């Protein structure tokens, strides 16, 4: 994945979260984590993990919010 693709994925996630589509957001966060690891983009990883937990919380899956990836 290229850096530009990573930015596009981040923008897609922001849109999904703002629309309240948390389950789709969660799926995309896992993609962002994989891409962040591939590109060694640690800021994307940090943001992904924090917001992944928040998204699970928003759908009421508290246990998954604290699971390890």
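Rule-based calculations on the coordinates, nothing more; no lab input. All figures in this text were calculated on a predicted structure; none of them were measured in a lab. Cβ placement follows ideal geometry from the backbone for every residue including glycine, while neighbour counts extend to all protein chains displayed.
Here are some notes:
- Failed condition for residue 20, given (1) on the phi > 0 side of the Ramachandran plot; (2) in a helix (DSSP H, G or I): (2)
- Residue check for residue 36: closer than 22 Å to residue 65 by Cβ and either in contact (Cβ under 8 Å) with a residue 60 or more places away in the chain or part of a loop (DSSP other than H, G, I, E, B) (or both): no
- Filter result (more than 10 Å from the chain's Cα centre (by Cα) and loosely packed, with under 14 Cβ neighbours inside 10 Å) within the range 35-53: 37, 38, 40, 42, 43
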